[in-house]
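Take a look at the structure below.
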Amino acid sequence: PYANRWSKTMIGYGPEDTHFVVELTYNYGITHYELGNEFLGLTIQSSESLKRAAAANWPIKEQNGQKYIEAPGGYK
């Protein structure tokens, strides 16, 4: 994928030296990734994300008393 176009977004909740930062990379031209290779999911605690997922008709599942959103590609 590195010979093709790609874009990157950084998401953080404070200064990098004291908080986490997540790097999300999108590879243009890649139409499929193997589900379950190394990426398991991304967890953010937010009641707002559940409201938005419900409004967009995304499946909201419950496991061990916790709710989670399952993306259309099967990621949680």
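Quick notes on this structure:
- Annotation: of all residues in segment 28-37 being at pLDDT below 85 and of a type outside the set (Gly, Ala, Ser), the one that is surrounded by the most Cβ atoms within 10 Å (Cβ to Cβ) is Tyr33.
- Filtered residues of segment 6-23 (kept if surrounded by fewer than 10 Cβ atoms within 10 Å (Cβ to Cβ), in contact (Cβ under 8 Å) with a residue 12 or more places away in the chain and of a type outside the set (Ser, Thr, Tyr)): Lys8, Met10, Glu23
- If you go through segment 49-63 and keep only what is over 16 Å from the mean Cα position of the chain (by Cα) and in a strand (DSSP E or B), you end up with Glu62, Gln63.
The values are calculated or read from the model by the stated rules, or taken from the named source; none is laboratory data. It should be emphasised that the depicted structure is a prediction, and the values quoted were computed from it without experimental measurement. Note: ideal-geometry Cβ built from the backbone for every residue, glycine included; neighbour counts use all protein chains shown.
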